[in-house]
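The values are calculated or read from the model by the stated rules, or taken from the named source; none is laboratory data. Predicted model only: the values in this text are computed from it and were never measured. Note that each Cβ is placed from the backbone with ideal geometry, even for glycine, and that neighbours are counted across all protein chains shown. Calculation scope for accessible area: heavy atoms of the full protein, side chains included, ligands and nucleic acids excluded. Shrake-Rupley method; radii C 1.70, N 1.55, O 1.52, S 1.80 Å.
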Amino acid sequence: MRILMMSPACPIPAQTGGLVRIERILSGLAQYHSITFVAPFEPSEKYSLQELTQQLPGNAVLVPTARPTAIRKFRSVLSIYPYHVSLYNEPKIASIVSRLLETEQYSLIYLHFLYTLSYIPRAVQIPVVVDQQNVDRVYWMRKASSPGGRIAWRLAAGLNLYKTIWFENRILHRVSGYVSVSELDRKKTMVYASSRVPYFLVAPNGVDCQYHRQRFSHANGRHIVLGFFGSLDLALNQDAARILCCDILPLVRAQSPDHDFSVLLIGRNPPASIQRLAANDPSIRVTGTVEDVRPFLEQVDVLVLPLREGAGTKLRTLEAMATGLPIVGTPLAFEGIDGLVDGLTALVAKDVHMFVSAILGLVQKPETRSAIGMNARCLVEQKFSWQSITERLAADLNDHFAK
């Protein structure tokens, strides 16, 4: 089957969870189908167009674009269209897509994120599948109601929620199928889309279990490293990192004075506000952008994910689980991870005091810490291998859309 696949960004280098998913879905489906991949890319000194094209499977069409300016972002907020639809509106890409559709015959158009639908001419009759990564309206609803957000940001998110619902409802007739990252997201999408969209598939986020190997268990010592793992240029991760450093860390220190606690924040592009946390407390370290996160995950004893915003399955959570790390997180941190059991493969905490209690329990019982980490690794191996995920998705697409 010939597939035209579109993404709002080039997935090389895959520095975020969203880009990892795009790269893995592309690479996996390219083993079974012929794919033309279209995406913008920002020219850089590190990667040339030729190098990027060679690293991508199939026929890659990369379109040079400029990084969105602050003015463009502001205009996108004020647009009548949803923020990301306006922000990623690239007439050059739409023109290239139109030419490809005129000169080539495709069985399916596969979109990463709903807002790339704006690249497709309205008259096109080819089935369109949307890999949504998260349910957009749920994502914006949570941002609008986040207790950690400023009032202005919450109001802007609330306005964008209504724009997103309006936009998606208008274009549902053009969508033949959704690909969700979990059964939970599939059901949420079906609530509003099942009357007009015929197919709802599931392709979970996955992990390369050969790359993220299970680490050796740490010995029971006095020094305990609490870790956080996630892109620190995202507000939702900045909020979680501050909760760990400012709310959770002082309490675990007060309740367990026999242990020496430190924090390791693993994530790219930390803003000045996060760097100040380390400047004010030498026991807090911030890695910044790193080529390989594995050596840093090796230093962590307990991963702490007090997320209050977001939607979809957190790929970084799965990667940490693959290393055998015991994780304490909010329900949002584990959302969509089918098969996860509180107390067996992770510990779920809903407020700061529950986080402190769970962390201290793991500190005082290293055997429990080790068992939860091993169970997490086993779950990832059984259900979240990229190879099995993309093989199943390729078969589902073939069953529903091959002519």
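Hey, among 164, 189, which residue is under 15 Å from residue 82 (Cβ atoms) and in contact with a Phe, Trp or Tyr (Cβ under 7 Å, 6 or more places away or on another chain)?
Being under 15 Å from residue 82 (Cβ atoms) and in contact with a Phe, Trp or Tyr (Cβ under 7 Å, 6 or more places away or on another chain) holds for just one of 164, 189, which is 164.
Can you run down the residue pairs with Cβ atoms below 9 Å, 6 or more apart or on separate chains, where the first is in segment 340-363 and among the charged types (D, E, K, R) and the partner is surrounded by 17 or more Cβ atoms within 10 Å (Cβ to Cβ) and in a helix (DSSP H, G or I)?
Every condition considered, the pairs that remain are 342/334.
Filter segment 258-301 down to the residues that are closer than 13 Å to residue 227 by Cα, without any contact (Cβ under 8 Å) to a residue 60 or more places away in the chain and among the aliphatic types (A, V, I, L, M) and list them by number.
If the condition is that a residue be closer than 13 Å to residue 227 by Cα, without any contact (Cβ under 8 Å) to a residue 60 or more places away in the chain and among the aliphatic types (A, V, I, L, M), then 263, 264, 265, 266, 284, 286 are the ones that fit.
Looking only at helices (runs of 4 or more DSSP H) that lie completely in segment 8-125, which have at least 2 residues being touching a Leu at 6+ places or on another chain (Cβ under 7 Å) and without any contact (Cβ under 8 Å) to a residue 24 or more places away in the chain?
49-55, 70-78
If I ask for residues that are part of a helix (DSSP H, G or I), open to solvent by 50 Å² or more (accessible area, probe 1.4 Å) and of a type outside the set (Asp, Glu), which ones from segment 166-205 would you list?
Listed by number, the residues that qualify are 166, 169, 170, 173, 184, 186, 187, 188, 190, 191.
May I ask you to list the residues in segment 19-44 that are at pLDDT below 85 and either small (Gly, Ala, Ser) or closer than 16 Å to residue 386 by Cβ (or both)?
44
Looking only at residues that are open to solvent by 10 Å² or more (accessible area, probe 1.4 Å) and outside any loop (DSSP other than H, G, I, E, B) in segment 335-359, which one is nearest to residue 226 (Cα to Cα)?
Per the stated criteria, the residue is 358.
Search segment 90-110 for residues being open to solvent by 80 Å² or more (accessible area, probe 1.4 Å) and among the polar types (S, T, N, Q), and hand back the single one that is farthest from the chain's Cα centre (by Cα).
First, pick out the residues of segment 90-110 that are open to solvent by 80 Å² or more (accessible area, probe 1.4 Å): 91-92, 99, 102-103, 105.
From what is left, the residues that are among the polar types (S, T, N, Q) are 103, 105.
Working: 103: 34, 105: 32 Å.
Top of the filtered list is 103.
Taking segment 128-139, which residues are open to solvent by less than 30 Å² (accessible area, probe 1.4 Å) and farther than 9 Å from residue 181 by Cα?
128, 129, 130, 135, 136, 138 - these are the residues of segment 128-139 that are open to solvent by less than 30 Å² (accessible area, probe 1.4 Å) and farther than 9 Å from residue 181 by Cα.
Counting only residues that are part of a helix (DSSP H, G or I), among the basic types (Lys, Arg) and either open to solvent by 40 Å² or more (accessible area, probe 1.4 Å) or under 14 Å from residue 301 (Cβ atoms) (or both), how many does segment 363-387 have?
The number of residues fulfilling the criteria is 2.
Would you please name the residue that is nearest to residue 282 (Cα to Cα), looking only at residues in segment 246-271 that are open to solvent by less than 10 Å² (accessible area, probe 1.4 Å) and in a helix (DSSP H, G or I)?
249
Do we have any residue at all in segment 214-224 that's open to solvent by less than 70 Å² (accessible area, probe 1.4 Å), among the hydroxyl-bearing types (Ser, Thr, Tyr) and touching a Lys or Arg at 6+ places or on another chain (Cβ under 9 Å)?
Taking every residue of segment 214-224 in turn, none turns out to be open to solvent by less than 70 Å² (accessible area, probe 1.4 Å), among the hydroxyl-bearing types (Ser, Thr, Tyr) and touching a Lys or Arg at 6+ places or on another chain (Cβ under 9 Å).
Can you tell me which residue in segment 129-152 is modelled with the highest pLDDT, limited to those that are of a type in the set (Ser, Thr, Tyr) and in a loop (DSSP other than H, G, I, E, B)?
Filtering segment 129-152 for residues that are of a type in the set (Ser, Thr, Tyr) and in a loop (DSSP other than H, G, I, E, B), the one modelled with the highest pLDDT comes out as 145.
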